[in-house]
Amino acid sequence: MITQDQVDAYNRDGFVIVPRVMDGAELSAMRQVIAEIVAGAASVTEHNDVYDLEPGHSAAEPRVRRIKAPTKVHRMFDDLVRSKKVVDICKALIGTDVRMHGSKLNMKSAKYGSPVEWHQDWAFYPHTNDDILAIGVLLDDTTEENGPLLCVPGSHKGPVYNHHGADGRFCGSIDPADLTNEIPRGVPCVGPAGSMSFHHVRTLHGSAQNVSSRPRNLLLYEVAAADAWPLAGVKDYEEFESRRLSGTGPTIVPRMEKVPARMPLPPALRQGSIYENQLSAPERLSFKRIAAE
């Protein structure tokens, strides 16, 4: 599913797009499952362990901006990340033994889908080494008009930016004033539905509000080398090992690399998702200002 040229592009740029990893039947089945899950939000009035809700959500018009941990909500999501075609791509990019760190499904509905401000995933979950990536599964045809993921080439080899607010608390976003040279270089991760993007954990990225008439749903998985251990610790070792996607036997010797890191502490005042975290820093909402203009 991935060529050496694509591996080289990932190593050089910090991201790569692999076209049409999922076929039409897989997409159709997953969209049906997602529609059923979203419909279930009609009985929910506030964020919970499954749903992160859009402003304006109501029972009559359910608006969901994120399905949290979809691998725990429906088996189809777990089956996809464990499929040979997806695991083989991850192994080609970050090593033969890999583990899923987490999953989420960002729902960018037509006309109102929320933006995500500039950030690095590394700021949220630093590890003992940075052989970690995020998979973005394009569930809809994605163009520059419907709020695609934007990645800055080569930024994975640069600094770890400050994701803390003026109050010293973690807020999950970078002040755009610190990115005046980087933001214009952002490359949209576009492609037909079923394609997948793979971006390094330190790659600068974000996405604008979806103001188009078409949805842009993005299923995300975070995958780490099995010998990358979270600096925040492991609360449940059995659960930690259950997320292994390839390799045999436990990996209890973390690989320590000299990589820059800062902890996401003190925690953001608003918890629950990156959307809530980023509301702690209203002065940084560059994408929201652009959408409003």
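Bear in mind that the values in this text are calculations on the coordinates, not laboratory data. Predicted model only: the values in this text are computed from it and were never measured. Ideal geometry is used to build each Cβ from the backbone, glycine not excepted, and the neighbour counts take in all protein chains shown.
Go ahead and estimate [θ] at 222 nm for the chain from helices alone: -39,500 (n - 2.57) per DSSP H run with n ≥ 4, summed, over the residue count, rounded to 500.
Details: 8 runs with 66 residues, N = 293.
For the chain, the value works out to -6000 deg cm²/dmol.
Which whole-Hz ³J(HN,Hα) couplings does the range 152-166 yield from phi under the Karplus relation 6.51 cos²θ - 1.76 cosθ + 1.60, θ = phi - 60°, glycine and proline marked x?
These are the phi-based 3J(HN,Hα) values: 9, x, x, 5, 5, 9, x, x, 8, 7, 6, 10, 10, x, 5 Hz.
Give the residue from Leu150, Val160, Val7 lying farthest towards the positive end of the charge dipole for the range 4-292; charges sit on Cβ (+1 for Lys and Arg, -1 for Asp and Glu) and the dipole is referred to the Cα centre.
Leu150
Once you've got the Cα coordinates, tell me which of Lys108/Lys258; Lys108/Lys235; Lys84/Lys258; Lys108/Lys157; Lys72/Lys235; Lys72/Lys108 are over 26 Å apart.
Lys108/Lys258; Lys108/Lys235; Lys84/Lys258; Lys108/Lys157
If we restrict to alpha carbons, what Rg and Dmax does the range 1-132 come to, in Å?
When restricted to the Cα atoms of the range 1-132, Rg and Dmax are 16.9, 49 Å.
Please state the charge dipole magnitude for the range 1-117, taken about the Cα centre, from unit charges on C-beta atoms (+1 on K and R, -1 on D and E), reported in debye and rounded to the nearest 20.
Dipole of the range 1-117, to the nearest 20 debye: 80 debye.
With +1 on the Cβ of every Lys and Arg and -1 on the Cβ of every Asp and Glu, and nothing else charged, how large is the dipole of the chain about its Cα centre, in debye rounded to the nearest 20?
Using Cβ point charges on Lys, Arg, Asp and Glu, the chain gives about 40 debye.
Let me check I've understood the local charge: for Arg202, count other residues with C-beta under 9 angstrom from its C-beta, Lys and Arg +1, Asp and Glu -1. What total comes out?
The answer is -1.
Run the paramagnetic zone check for Ser213: 7 angstrom along Cα to Cβ, then residues of the range 138-161 with backbone nitrogen under 15 Å.
From the range 138-161, the list is 145-146.
Give the calculated FRET efficiency between Val234 and Ala110 to the nearest 0.05, with a Förster radius of 45 Å applied to their Cβ-Cβ distance.
0.65
Could you work out which residue, out of Thr128, Thr96, Thr45, moves most in a Gaussian network model of the chain, that is, has the largest mean-square fluctuation with Cα springs under 10 Å?
Fluctuation is largest for Thr45.
Could you give P(r) for the chain, binned at 5 Å from zero, as whole percent values over all Cα-Cα pairs?
In whole percents, the pair-distance histogram is 1, 5, 12, 17, 20, 19, 15, 8, 3, 1, 0.
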